[in-house]
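Quick notes on the structure that follows.
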Amino acid sequence: MPSPPLTVFLTVIFLSLLAGAVPAVQCWRPWPNQKPNSTDLIFGGSKKYEGSSEFVNLRYHMGPVLTANITVYPIWYGVWQNSQKRIIREFINSISAVDSKPPSVSGWWKTVQQYTDQTGANISRHVILGEEKNDRFYSHGKSLTRLSIQSVIKSSVTARTKPLPINPKSGVYLLLTSQDVYVQDFCNNVCGFHYFTFPSIVGYTLPYAWVGNSAKLCPGVCAYPFAVPAYIPGLKPVQPPNGDIGVDGMISVIGHEIAELSTNPLVNAWYAGQDPVFPVEIADLCEGIYGTGGGGSYTGQMLNGADGATYNMNGIRRRFLLQWVWNNQLNYCTGPNALDH
């Protein structure tokens, strides 16, 4: 007698766990050009804005999105300087800082807010910084797999002292690994990913993301354009707005993952493509685009400060370089720093 669908699904998950293969939605870089579901990214001729195409079929698959106030819980894995933590904290706080000078991070978030659930409720405007957890002694080693990442999160929510709150409906658990930590597939076109924890490992289904500091391992891949890959001769890096190549490079990846976790937390909401294991999400569609004219290894038009730093958005007391996201109402990538055509 054929197995019912649920049994088949559980069997697949179990076999995946045995094999150590945890699917995760990845944030990749555009070089070399190797992308799952690449046929979904075939763009037509250039239109008014970057990435516009009638061929992109971003659809809603009826899953939940984060409509309640979103709380980000950072997990600092490894050794972090206080100055590095401040940059990332201020970026997260900037998402809801409506009084920031335009073009602003909060202006960027307005595109994410347009996405809704099946009731018509929008993604929350409020993104707040929640409790934090430090794991400075590398409790699970300096080389993490996708499964051991979930174990790090479990340690953070079950710690004897000051455990992180359990918030499956509006929490985003953000695991940040220091520059001396290697994560499975890191630098191999993967700079970060998001998924949800398995109850069999963590005890709860929690949306989470991992982003690594690439300063030592692969800055030319994951901290571009503050560092450039060796295989693009003659290309010069730009100056990071906060003076830290690794952390400034992380900011765009963190924004990428928070945007996608909000619109696709359980990988059954907003994405393009036929395979939910390798979906193309609202930030994937705009990977590498930071301004008007962006695409491929060209960032597009960015802003230059009097101090020589390059950025495209303002936050609380700081400037950031943050990639654009897909505007599903207009069918192209947008950002608050777009130039009029």
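The values are calculated or read from the model by the stated rules, or taken from the named source; none is laboratory data. None of the values given here were measured: they were computed from a predicted structure. Note that we place each Cβ from the backbone using ideal geometry, even for glycine, and neighbour counts take in every protein chain shown.
Below are the figures for this structure:
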| read-out | value |
| --- | --- |
| Near pairs, Cβ below 6 angstrom, 6+ apart or cross-chain, from the range 57-78 (surrounded by 17 or more Cβ atoms within 10 Å (Cβ to Cβ)) to any residue that is of a type in the set (Phe, Trp, Tyr) and outside any loop (DSSP other than H, G, I, E, B) | 60/270; 73/173 |
| Of all residues in the range 226-238 being under 22 Å from residue 251 (Cβ atoms), in contact with a helix residue (DSSP H, G or I) (Cβ under 9 Å, 6 or more places away or on another chain) and touching a residue at least 12 places away in the same chain (Cβ under 8 Å), the one that is surrounded by the fewest Cβ atoms within 10 Å (Cβ to Cβ) | 232 |
| Pick from the range 176-195, criterion touching a helix residue (DSSP H, G or I) at 6+ places or on another chain (Cβ under 6 Å) and assigned to a strand (DSSP E or B), ranking: farthest from residue 251 (Cα to Cα) | 194 |
| Criterion (within 29 Å of residue 85 (Cβ to Cβ) and under 21 Å from the mean Cα position of the chain (by Cα)) met by exactly one of 242, 331 | 242 |
| Top-ranked residue of the range 277-307 - restricted to ones that are among the aromatic types (Phe, Trp, Tyr) and assigned to a loop (DSSP other than H, G, I, E, B), ranked as nearest to residue 26 (Cα to Cα) | 278 |
| Some residue of the range 140-160 being at pLDDT 95 or above and closer than 25 Å to residue 316 by Cβ | no |
| Residue match in the range 319-327 (condition: assigned to a strand (DSSP E or B) and either among the charged types (D, E, K, R) or within 12 Å of the chain's Cα centre (by Cα) (or both)) | yes |
| Condition met for residue 86 (out of contact with any strand residue (DSSP E or B) (no Cβ under 8 Å at 6 or more places or on another chain) and more than 30 Å from residue 329 (Cα to Cα)) | yes |
| Residues of the range 99-152 that turn out to be under 23 Å from residue 255 (Cβ atoms) and among the polar types (S, T, N, Q), as a count | 11 |
| Positions within the range 250-276 being part of a loop (DSSP other than H, G, I, E, B) and within 22 Å of residue 170 (Cα to Cα), in sequence order | 264, 265, 266, 267, 268, 269, 276 |
